[in-house]
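The values are calculated or read from the model by the stated rules, or taken from the named source; none is laboratory data. Because the structure is a prediction, the values reported are computed rather than measured. Glycine also receives a Cβ, built like all others from the backbone with ideal geometry; neighbour counts cover every protein chain displayed. We work out accessible area using only protein heavy atoms, side chains counted, and drop any ligands, DNA or RNA first. Shrake-Rupley method; radii C 1.70, N 1.55, O 1.52, S 1.80 Å.
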Amino acid sequence: MIRFNLVDVRNDNRSKVDIDYISENTIKKVRQFHKGFDEYSVTPLHKLENLARHYGLKNIFLKDESYRFGLNAFKVLGGSYAMGKYLADRLGVDISDISFEYLRSKEVKEKLGEITFVTATDGNHGRGVAWAANHLGQKSVIYMPKGSSQIRLENIRREGAEASIIDGNYDDAVRLSDEMAKKHGWVVVQDTAWEGYEDIPTWIMQGYGTLIDEAMEQLRDYGIEKPTHVFLQAGVGSFAGAVQGYLAEKFGKDRPITIIVEPDDANCLYRSSLSGDREIVGGDMPTIMAGLACGSPNTVSFQVLKDYSDGYMSCPDYVAARGMRTLAAPIKGDPQIVSGESGAVGAGVISLVMEREEYKDIREKLGLDNNSIVLLISTEGDTDPDKYRDIVWDGDCKSV
Ligand SMILES: Cc1ncc(COP(=O)(O)O)c(C=O)c1O
């Protein structure tokens with residue numbers, strides 16, 4: 001059963017957290033940095049009009065991040081921008097004034113010496129950091145939690161990183177990378193913030209901003225100013241906070257309704273929305289949504305979500321599996337989309353909420369009807385292809 005908590009953030013007069021750092025203007029500059037990579041191209045925004053009709057919605061758009069830099073996930077946007085910004089700051093220059101080519105030049109190496117970037121990851125973030133370090137001619141060390149997929153580990157090693165799976169969960173891996181950085185003078189590029197570590201995670205959130213900036217431009221090409229509803233999946237919430245902040249800054253009170261979606265095993269934001277405080281979930285997190293298996297909300301993005309997000313959902317694994325299948329086997333006329341476990345949970349939510357009688361109440365509370373234009377972001381493709389086929393071909397995690 002999907003659990004849902006609607007929060008009234010629209011009618012309170014509390015002063016809200018500053019979101020200028022994630023404004024459209026700021027993100028245009030971030031996107032300029034990303035354009036400096038040869039691999040940069042705008043990822044597709046698919047229109048699923050037949051699926052929308054089937055569900056009784058006006059339209060569904062899905063941003064497909066499996067095409068990002070050939071890495072099968074959006075995450076590289078964050079790590080690459082944060083690492084570029086770190087180097088620019090060390091050089092004492094504005095990142096907008098220098099090129100990516102310059103950052104990887106011999107001159108920069110001579111000035112700064114060899115740098116090792118270190119991080120913890122479920123897979124996608126680490127692959128992005130390894131890729132960016134490689135492109136910048138620097139080193140990377142990556143730690144993965146117990147139970148991480150072998151294929152994801154190998155893909156990270158293929159980018160030139162020293163990578164390993166540790167005997168601990170995601171939060172243990174984060175702690176280890178911090179300890180190792182202190183011991184060896186490495187630079188932590190973590191995709192979550194905690195007290196005293198907020199600059200790099202903020203730059204990572206800014207890096208993610210590129211994808212929503214692209215999506216808004218692509219919607220405009222369809223003659224649409226904004227979606228009415230946006231579903232954002234969350235691990236620590238950096239991605240969701242970035243998109244939420246951008247939309248809130250751009251549209252103010254007229255912003256789309258945003259719903260944060262998490263797996264039951266790691267629903268720290270859902271729980272936080274119920275208690276009003278930043279809640280932490282511990283222990284092993286066996287969810288298939290590996291990218292969302294994080295129990296501690298990012299302290300920076302938490303404030304953004306708390307002030308601006310309208311609702312929170314906590315989902316069993318079969319919701320993500322159903323999303324993967326609906327996208328893999330589209331209604332005739334719609335494009336086929338390869339979306340992984342963490343990428344497809346929004347599509348899974350829509351499929352169940354729109355089709356099942358028991359979710360009528362959620363449909364009504366959110367005003368999901370034939371005037372609704374829904375934006376989904378598939379944040380990864382089949383980053384674990386064996387698992388993908390177990391689910392999509394062989395019917396693992398069947399919905400109930
Ligand atoms: C594919 C995918 N989607 C979504 C997320 C969630 O991002 P965040 O941890 O910033 O909430 C991740 C995080 O690793 C991910 O890998």
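Points worth noting:
- Matching residues, the stretch 75-112, being open to solvent by less than 50 Å² (accessible area, probe 1.4 Å), free of Cβ contacts under 8 Å to residues at least 60 places away in the same chain and outside any helix (DSSP H, G or I): Ile98, Ser105
- Scan of the stretch 270-315 for residues that are of a type in the set (Ser, Thr, Tyr), touching a Leu at 6+ places or on another chain (Cβ under 9 Å) and away from the ligand (no atom under 15 Å from the Cβ), ordered by number: Tyr308
- Evaluation of Arg127 against the conditions (1) farther than 24 Å from Cys294 by Cα; (2) touching a helix residue (DSSP H, G or I) at 6+ places or on another chain (Cβ under 7 Å); (3) open to solvent by 40 Å² or more (accessible area, probe 1.4 Å); (4) touching a residue at least 24 places away in the same chain (Cβ under 8 Å) shows that the sole unmet condition is (1).
- Restricting attention to the stretch 54-74, the residues that are over 16 Å from the mean Cα position of the chain (by Cα), within 29 Å of Leu366 (Cα to Cα) and either of a type in the set (Asp, Glu) or in a helix (DSSP H, G or I) (or both) total 2.
- Residue in the stretch 56-66 that is out of contact with any strand residue (DSSP E or B) (no Cβ under 6 Å at 6 or more places or on another chain) and without any contact (Cβ under 8 Å) to a residue 12 or more places away in the chain present: no
- Sole residue being part of a helix (DSSP H, G or I), buried (at least 24 other Cβ atoms within 10 Å of the Cβ) and touching a strand residue (DSSP E or B) at 6+ places or on another chain (Cβ under 8 Å), chosen from Gly340, Gly346: Gly346
- Restricting attention to the stretch 362-375, the residues being open to solvent by 10 Å² or more (accessible area, probe 1.4 Å) and either within 16 Å of the ligand (Cβ to nearest atom) or touching a Pro at 6+ places or on another chain (Cβ under 6 Å) (or both) number 1.
- Residue check for Lys387: open to solvent by 30 Å² or more (accessible area, probe 1.4 Å) and farther than 25 Å from Gly237 by Cα: no
- Among the residues of the stretch 190-245, those identified as free of Cβ contacts under 8 Å to residues at least 24 places away in the same chain and assigned to a loop (DSSP other than H, G, I, E, B) are Gly196, Gly223, Glu225.
- Scope the stretch 1-31; condition of a type in the set (Lys, Arg), surrounded by fewer than 17 Cβ atoms within 10 Å (Cβ to Cβ) and over 12 Å from Asp310 (Cβ atoms); matching residues: Arg3, Arg14, Lys16, Lys28, Lys29
- Of the candidates Ile288, Ile377, Ile331, the single residue that is part of a strand (DSSP E or B) and β-branched (Val, Ile, Thr) is Ile377.
- Residue count, the stretch 250-298 (criterion: among the charged types (D, E, K, R), in contact with a Phe, Trp or Tyr (Cβ under 9 Å, 6 or more places away or on another chain) and surrounded by fewer than 22 Cβ atoms within 10 Å (Cβ to Cβ)): 5
- Residues in the stretch 357-371 that are more than 19 Å from Tyr312 (Cβ to Cβ) and part of a loop (DSSP other than H, G, I, E, B): Asp369, Asn370, Asn371.
- Answer from Gly348, Gly323, Gly343 - the residue that is within 16 Å of the ligand (Cβ to nearest atom), of a type in the set (Gly, Ala, Ser), touching a Lys or Arg at 6+ places or on another chain (Cβ under 9 Å) and closer than 27 Å to Met216 by Cβ: Gly348
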